[in-house]
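What follows is a single structure, written as structure tokens, with notes after it.
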Amino acid sequence: MNSTPTNRTVPSPPPSTSNQPTPPAPTTRAEYCVLACAEAWRGAGEVLASPMGTVPSIGARLARLTFSPDLLLTDGEALLMGDVPAVGARSEVTEGWLPYRQHLALVATGRRHVMMGASQIDRFGNQNISCVGEWSRPARQLLGVRGAPINTLNNPTSYWIPRHSRRTFVERVDMVCGVGYDRAEAAGPSATRYHHIPEVISDLGVFDFSTPDHSMRIRSLHPGVSVEQVREATGFELVVPPEVPETRAPTAAELRLIREVIDPRGLRDREVRT
Amino acid sequence: MSADEAIGRLSSGMTIGIGGWGSRRKPMALVRALLRSDLTDLTVVAYGGPDVGLLAAAGKIRRLVAPFATLDSIPLEPHFRTARQNGTIELTELDEAMFMWGLTAAGQRLPFMPVRAGLGSDVLRVNPQLRTVTSPYEDGEELVAVPALRLDAALVHLHRADAQGNGQYLGPDPYFDDLFCEAADAAYVSCERIVESEELVYGGSGRTESTGDAKGSGNSKGPRRSADDRGSTDDRSSKDPWRGPQTMLVKRPFVTGVVAAPNGAHFTACEPDYGRDEAFQKAYATAAADPEEWAVFVKRFLAGDEREYQSAVSAFHEREGETA
């Protein structure tokens, strides 16, 4: 059921030590990325937000503290957090239990929007986290497929890529772990039935698959990033709309939440270079 | 029974399931006993962590069945990487959920379970033995038929167990340890402490450490104490936390042997008894990246028995404390 407003109050920031209000520092690239990740969970409703990576974790918490108060968040283990602690800090309130086996039930019923990483991703959103090179004897063994095959066929799966480059945005992934639009289509109706890749977010911009053939297009670029720069960093032809919008800037209140409440230690800057 | 006795019941070429998840509550004392054995040619079935890494480095694994191998706080398992990149192990790479349904099928004596996972992915390309199944109902959906992951033996580590083989977990997640035991012809449960059955639900004070023979040690049913020994119920409930029967994860019909293994999940996490030994895990991963350093690590920590391992770990931390 939906939450009542009383149990989702926004924590107060620590009191200011100075009486002189100083203008906030300019929004950093990392903060645009946090905002873009948070936006991925806008309107998600009462689902589990599964962020993988620091910036998506900050984004999910920002979404819950602002426009998506019904999101579920885990402590990274098996507990659902009833509060929204700073990243790296301990949760004090547990609102539920989510061991792996029950996690999979949220996946299978689509009550989850995961934001996974990707060692490689292609124009149709096929993702690889397993290995680089020939699978039978990889040049670089990575994690393994993990839950990417079931995630992509059952719940919305977005991707977060902190360093946009041709090494990651490739023409063809070496091992399809997360299923992209072309592969789902080829596999048939059981694969496409609940398949949805809402967004790919990188340090350069936000991308989606809202094109006739579901090939990746630019939805927005972070301020200071040019279309040319993204093209150079992408190993396939991106769809570029006639007007490329800028990623929305965080409001003053959102910026304060990011800086003072959710990530006071500035962990976001370790993931996204300024 | 001892860890070595449990491993002594296994043979080369077997399919062995290992419980836990990543670098969390792995039956490491049993894995170390396996390292000391002359077993080889194993098929290891696991949500892989350092168990997989250690066994691969020691040349024990012919085939690994897994959706990943990771150290959690260190994303990539170094020995698993080396083994894959050198082509020294074969791999059956499954999705995490496919893996769970494979264990479930084995525990239900079913040949397979249908899952909406794998379709469209390269899991089907690299596992050409996988088949799909068409729903016989109106939907007519075509799904992947994950074959049962039947195990010759399962190794799991829990927090407490009684001598009869009833196993209890006290941490946040059971992982899939019950499924591993149900999917196996024989399951060996190591635990932090063997306690009297009555302490499992009203537990935790440690006042009545079991002195009976644990399952698998010849006298398969440990002696039960008389009611007179137990103290009053009032006394117990005032001192001991109510664990709840839902913590009783593994049932004795599925358990062949119980092994007392304090700190037996080290260096993986075993909350609330202890967390992951991050300093030691880091030392493990660093050593694993270099063959010469690895030889030193093996000599220092893995050349002796479990007691020697645990004292070497203590010495490691004493030295860490001095240099910190």
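The values are calculated or read from the model by the stated rules, or taken from the named source; none is laboratory data. Note that the structure is predicted; figures quoted are calculated from it, not measured. Heads up, the Cβs are rebuilt from the backbone with ideal geometry, glycines too, and the neighbour counts pull from every protein chain shown.
For A:VAL84, state whether it is more than 14 Å from every other protein chain (Cβ to nearest Cβ), of a type in the set (A, V, I, L, M, F, W, C) and not in a strand (DSSP E or B). For A:VAL84, the condition - more than 14 Å from every other protein chain (Cβ to nearest Cβ), of a type in the set (A, V, I, L, M, F, W, C) and not in a strand (DSSP E or B) - is met. Counting only residues that are more than 9 Å from chain A (Cβ to nearest Cβ) and buried (at least 21 other Cβ atoms within 10 Å of the Cβ), segment B:78-88 holds 2 of them. Of all residues in segment A:1-28, those being under 25 Å from A:GLY76 (Cβ atoms) and at pLDDT 95 or above number 1.
Residue under question is A:ARG273, and the condition is that it be in contact (Cβ under 8 Å) with a residue 60 or more places away in the chain, loosely packed, with under 13 Cβ neighbours inside 10 Å and not acidic (Asp, Glu); does it hold? For A:ARG273, the condition - in contact (Cβ under 8 Å) with a residue 60 or more places away in the chain, loosely packed, with under 13 Cβ neighbours inside 10 Å and not acidic (Asp, Glu) - is met.
Only a single item in (1) under 24 Å from A:GLU134 (Cα atoms); (2) without any contact (Cβ under 8 Å) to a residue 40 or more places away in the chain is not met by A:THR211, and it is number (1). Within segment B:293-319, being hydroxyl-bearing (Ser, Thr, Tyr) and either surrounded by 17 or more Cβ atoms within 10 Å (Cβ to Cβ) or farther than 19 Å from B:ALA279 by Cβ (or both) holds for one residue alone: B:TYR309.
Kindly provide the set of residues from segment B:98-118 that are out of contact with any Ser or Thr (no Cβ under 8 Å at 6 or more places or on another chain), within 12 Å of chain A (Cβ to nearest Cβ) and not in a loop (DSSP other than H, G, I, E, B), ordered by number. Listed by number, the residues that qualify are B:MET98, B:PHE99, B:MET100, B:TRP101, B:LEU103, B:THR104, B:VAL115.
Do we find a residue being of a type outside the set (Phe, Trp, Tyr) and modelled with pLDDT under 95 anywhere in segment A:259-274?
yes
Regarding segment B:43-58, can at least one residue be identified that is buried (at least 19 other Cβ atoms within 10 Å of the Cβ), among the charged types (D, E, K, R) and either more than 20 Å from B:ALA183 (Cα to Cα) or modelled with pLDDT of 95 or more (or both)? Looking for residues that are buried (at least 19 other Cβ atoms within 10 Å of the Cβ), among the charged types (D, E, K, R) and either more than 20 Å from B:ALA183 (Cα to Cα) or modelled with pLDDT of 95 or more (or both), one finds at least one in segment B:43-58, hence yes. Looking only at residues of segment A:153-171 that are polar (S, T, N, Q) and not in a loop (DSSP other than H, G, I, E, B), we find that the one that is surrounded by the fewest Cβ atoms within 10 Å (Cβ to Cβ) is A:SER158. Looking across segment B:119-140 at every residue that is crowded, with 16+ Cβ neighbours inside 10 Å and at the interface with chain A (Cβ under 9 Å from one of its Cβ atoms), the one that is nearest to B:ALA105 (Cα to Cα) is identified as B:THR132.
I'm checking my understanding of the structure. Among residues of segment B:141-163 that are surrounded by 21 or more Cβ atoms within 10 Å (Cβ to Cβ) and outside any strand (DSSP E or B), which one is farthest from the other protein chains (Cβ to nearest Cβ)? Once the filter is applied, the top-ranked residue is B:ALA163.
Restricting attention to segment A:132-152, the residues that are surrounded by fewer than 23 Cβ atoms within 10 Å (Cβ to Cβ), among the polar types (S, T, N, Q) and within 7 Å of chain B (Cβ to nearest Cβ) add up to 0. Of all residues in segment A:106-120, one or more are part of a loop (DSSP other than H, G, I, E, B) and surrounded by 23 or more Cβ atoms within 10 Å (Cβ to Cβ).
For segment B:46-54, the criterion of being more than 10 Å from every other protein chain (Cβ to nearest Cβ), assigned to a loop (DSSP other than H, G, I, E, B) and in contact (Cβ under 8 Å) with a residue 40 or more places away in the chain is met by at least one residue. Scan segment B:296-324 for residues that are closer than 23 Å to B:ASP4 by Cα and not in a loop (DSSP other than H, G, I, E, B) and the total you get is 15.
Of the residues making up segment B:63-77, those that are more than 10 Å from chain A (Cβ to nearest Cβ) and within 19 Å of B:TRP294 (Cβ to Cβ) are B:LEU71, B:ILE74.
Conditions tested, residue by residue: (1) within 14 Å of another protein chain (Cβ to nearest Cβ); (2) closer than 26 Å to A:ALA30 by Cβ; (3) of a type in the set (S, T, N, Q).
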residue: A:ASN154; (1), (2), (3): yes, no, yes
residue: A:ARG163; (1), (2), (3): no, yes, no
residue: A:THR168; (1), (2), (3): no, yes, yes
residue: A:ALA184; (1), (2), (3): yes, no, no
residue: A:GLU199; (1), (2), (3): no, yes, no
residue: A:SER202; (1), (2), (3): no, yes, yes
residue: A:VAL206; (1), (2), (3): no, yes, no
residue: A:MET216; (1), (2), (3): no, yes, no
